[in-house]
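Each value in this text was obtained by applying a stated rule to the coordinates, not by laboratory testing. Small disclaimer: the values here were computed from a predicted structure and weren't measured. Positions of Cβ are backbone-derived with ideal geometry, glycine not excepted, and every protein chain shown enters the neighbour counts.
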Amino acid sequence: MSRIIIVSNRLPTKVQRTDNDLAFTPSEGGLATGLGSIYRAEGNVWIGWPGLVVDDETERQQITTQLRADSMQPVFLNDDEIRGFYEGFSNETLWPTFHYFSQYAVYNEQHWETYVAVNRKYCEAVLEAAGDDDTIWVHDYQLLLLPQMLRKARPHSTIGFFLHIPFPSYELLRALPWRTQLLEGMLGADLIGFHTFGYMRHFLSSVSQLLGYPSQNGRLELKNRTVLIDAFPMGIDYERYANAAASEVAQEHEQNYLAALPNARIILSIDRLDYTKGIAQRLRAFELLLQRYPEWQGQATLIMLVVPSRDQVAQYQELKEEIDELVGRINAEYRTITWNPIHYFYRSLPLEELTALYRMAEVALVTPIRDGMNLVCKEFIASKADRSGVLILSERAGAARELSDALLINPSDMNQLAEAMHEALIMPEEEQKMRLANMQALVQHYNVYHWTRLFMDRLVYTKIKQMTLATEMLDAEEAATLRQQYTTTSQRLLLLDYDGTLAPFHPNPQKAAPSAQMLELLATLSADPHNRVVIISGRDRQTLQRWLGHLPVDFIAEHGVWLRAAGQEWTLFQPMRNDWMKEIRPTLELYVSRTAGSFIEDKDFSLVWHYRRADAELAAVRVRELISHLSFLTSNSDLQVLEGNKVIEIKAAGINKGTAAARWVATYEPDFILAIGDDRTDEDTFGAMPEEAFTIKVGRNNRSLARFHLPGTAEVQELLQSLAEVSVPQ
Ligand SMILES: O=P(O)(O)OC[C@H]1O[C@H](O[C@H]2O[C@H](CO)[C@@H](O)[C@H](O)[C@H]2O)[C@H](O)[C@@H](O)[C@@H]1O
Ligand SMILES: O=c1ccn([C@@H]2O[C@H](COP(=O)(O)OP(=O)(O)O)[C@@H](O)[C@H]2O)c(=O)[nH]1
Ligand SMILES: [Mg+2]
């Protein structure tokens with residue numbers, strides 16, 4: 001049975017050195033607590049760093065044995081690796097960049113090299129632990145290169161990747177010198193998940209702009225693989241928090257705390273120490289609340305738990321000092337003998353104490369400047385079963401996309417924050433309960449089990465999609481059958497599309513002339529008296545004539561409008577009109593003037609708008625606009641609008657490559673047909689062919705009427721070459 005191998009930088013268990021022994025405790029941070037609930041199931045393994053440097057081999061063995069008993073496998077990192085990989089590239093470069101704190105980002109080549117080396121180290125650990133059938137699930141920004149490394153070693157593995165932090169806008173990502181490698185690293189996965197649709201959109205936009213892969217409905221077609229991109233907002237183990245909060249131990253803690261804080265109106269703040277969490281801003285807003293609404297002095301009490309984190313990174317040390325100072329100043333200014341405005345704890349607490357805090361707080365203040373998801377707010381909600389309480393939540397936390405019943409605030413707006421605290425403190429109980437109930441239903445339903453299931457099911461789906469495609473690939477066996485039939489037949493029809501089939505695309509279509517090898521190949525194939533080679537293209541006849549007119553091949557030009565049998569004159573498929581062009585052309589001109597880099601191609605009976613050289617994202621919008629514009633203009637006419645590879649073409653309805661190709665089949669009566677094409681317009685050809693024809697789609701789009709696929713023009717050339725070798729010259 002296949003297992004799930006989870007890989008993340010940090011293991012869900014943290015190993016620490018005590019006076020004379022080792023202590024094993026749960027790690028802090030959303031990833032560890034969120035996935036901690038599932039990895040033990042069904043023999044799964046979690047691979048990651050145990051959180052301390054261990055040089056001694058005996059100690060390593062001891063840690064490995066103990067972790068293994070709990071389904072974990074450690075990756076040990078030395079001091080240099082922690083410096084360059086963890087503190088350096090992960091937390092001084094990627095973390096600030098991905099959280100829109102570019103001004104904190106360090107670009108250090110040495111850190112990058114360590115990052116690559118440590119990703120490789122994780123790769124080796126995974127390869128050692130994982131069998132071919134196992135599903136590998138890689139997590140987070142510390143391991144962006146790992147999916148690709150795994151893919152190279154195990155091309156057929158099932159690999160999922162989930163990013164727990166935001167994916168930034170392209171404008172932020174592009175500043176990174178290693179941006180391309182990072183994206184390619186992620187694309188080694190079969191499925192890439194993000195917390196929100198916004199992060200997913202930013203990722204797709206970066207891939208399109210940096211690597212040139214377009215996407216459709218979250219599906220990226222790489223050269224030889226399909227990768228799915230989707231949003232999976234992570235949930236928590238709802239029952240775990242609800243039960244812990246309801247437990248006797250938690251209630252006891254709560255009673256003790258409340259006894260020490262009589263009459264307090266408790267506002268709670270819990271996070272790792274991190275500049276992304278907006279802790280300092282939150283303190284200032286709390287101070288503003290006390291200034292603006294003095295009635296809360298003596299009552300409103302902020303319990304602030306800050307969990308130590310990444311304390312070797314300069315930014316974190318500075319933040320620690322800033323918080324210490326702010327808390328000291330506010331407390332000194334407002335405290336009374338009986339009331340302390342801020343109770344500040346710099347440590348981490350065990351679950352029962354944590355949930356006791358959630359339980360007793362009237363208001364949870366979760367106000368990050370940026371946060372991938374934020375699980376604290378969901379844990380607060382789960383701990384409040386049958387109770388009241390108000391959640392104030394930053395609109396820039398991923399969780400805000402789901403929790404619309406929270407008081408959503410802009411974390412940089414001090415006024416709004418202070419007002420929200422006031423509003424929360426005076427909110428009627430009924431309203432609190434109503435809002436909480438809605439959010440509880442959601443957090444309970446979309447829990448961490450749901451999240452895992454959804455991700456895993458989608459990963460299986462991705463694999464099935466890829467396999468369906470794989471069976472359609474023209475593999476060695478099918479290619480041999482094709483060659484064998486070719487050899488034993490004598491009336492062969494070869495229908496070959498031009499662009500994207502015989503020649504790769506060029507930014508300037510007039511520069512996509514055939515290569516010398518391709519010309520030679522076509523010469524050999526068309527010289528065979530048993531072959532009829534037809535170039536079936538959307539191009540104008542002049543260009544085809546110029547490039548290939550010297551060969552004894554037939555032409556179908558302008559998507560079936562113009563026909564020419566070898567050595568004869570051009571004829572029209574049927575009498576045609578082009579007087580509609582003067583009506584449509586101004587519309588295309590409008591889109592050219594609105595879209596730099598696009599241009600119009602005039603053919604005898606069709607008009608084409610090309611956008612290959614335009615800004616890809618702008619063009620995507622313009623395409624939708626233009627199509628809707630054209631469908632309005634061409635309704636009630638006998639014109640059709642075709643979408644091709646970076647082109648939109650308008651021409652007479654009823655004529656296409658298929659109708660023209662059918663004419664060749666009918667008149668020539670071939671005993672062997674090979675039809676190859678890459679574009680949507682070639683689907684018409686495929687559809688018009690008899691069942692036994694060898695129809696081949698070039699490229700990865702699996703929605704094709706063709707029987708087989710080939711990855712690209714190089715493979716087409718290879719196939720034609722193998723046929724040329726058995727052709728008989730005249
Ligand atoms: O491992 P550390 O350097 O100590 O940091 C702790 C973890 O912090 C980050 O958590 C993120 O994941 C959460 C769950 O998806 C999400 O709610 C939160 O918004 C993120 O910041 C980090 O992504 C983890 O890798 C760290 O282990
Ligand atoms: O003393 C504490 C305080 C918090 N947490 C946990 O730390 C996680 C923080 O995750 P979140 O997604 O909110 O932010 P991250 O730290 O991952 O950026 C939550 O699950 C908390 O329950 C913890 O384990 N011990
Ligand atoms: Mg083509």
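Summary of computed values
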| item | result |
| --- | --- |
| Environment charge at I369 (Cβ cut-off 15 Å; Lys +1, Arg +1, Asp -1, Glu -1) | 0 |
| Most positive-pole-ward Cα, H156, F203, A259, against dipole of the range 156-288 from beta carbon charges | F203 |
| Ratio Rg/Rh, restricted to the range 592-639 and using Cα atoms, in which Rh is the Kirkwood radius | 1.00 |
| Environment charge at T276 (Cβ cut-off 10 Å; Lys +1, Arg +1, Asp -1, Glu -1) | +1 |
| Counting DSSP beta bridges with both ends in the chain, the antiparallel % (nearest 5) | 30 percent |
| Selection from V460, L705, W137, by position along the positive dipole direction of the chain (Cβ) | L705 |
| Point-charge dipole on Cβ atoms (K/R +1, D/E -1) for the chain, about Cα centre, debye to 20 | 1300 debye |
| Total charge dipole magnitude, the range 4-231, about the Cα centre, Cβ charges on Lys, Arg, Asp, Glu only, Debye to nearest 20 | 860 debye |
| Cleavage-rule hits (trypsin sites (Lys or Arg not before Pro)) in the range 129-213: DSSP loop, at most 16 neighbouring Cβ within 10 angstrom | R174 |
| Helical segments meeting 15 Å axial Cα length and Kyte-Doolittle 1.0 threshold in the chain (DSSP H) | 516-527 |
| Whole-percent pair-distance distribution, where bins are 10 Å wide, for the alpha carbons of the range 4-231 | 8, 33, 37, 18, 4, 0 |
| Within-11-Å neighbourhood charge of R265 [Cβ basis; K, R +1; D, E -1] | -2 |
| For the chain, diffusion coefficient by Stokes-Einstein and Kirkwood Rh (Cα), 4 °C, 1.567 mPa s, µm²/s | 44 µm²/s |
| If the convex hull is drawn through the Cα atoms of the range 138-213, its volume per residue in Å³ | 83 Å³ |
| Inter-part distance where the range 40-93 and the range 643-658 are each reduced to a Cα centre, Å | 58 Å |
| Expected 222 nm ellipticity per residue - DSSP helices of 4 or more, -39500 (n - 2.57), all of the chain, to 500 | -13000 deg cm²/dmol |
| The range 493-580: trypsin sites (Lys or Arg not before Pro) falling in loop per DSSP and having at most 10 other Cβ within 10 Å | R577 |
| DSSP-assigned coil residues among GluC sites (Glu not before Pro) in the range 556-641, each with at most 15 further Cβ atoms within 10 Å | E569 |
| Length-normalised contact order for the range 226-304 - Cα pairs under 8 Å, 6+ apart - percent | 36 percent |
| Compactness index (Cα Rg / 2.2 N^0.38 Å), the range 238-445 | 0.95 |
| Amide H within-cut-off set for W49, under 5 Å, with H built and near neighbours excluded | R10, L11, V75 |
| Principal semi-axes in Å for the range 446-567 [√(5λ), Cα gyration tensor, largest first] | 41, 21, 12 |
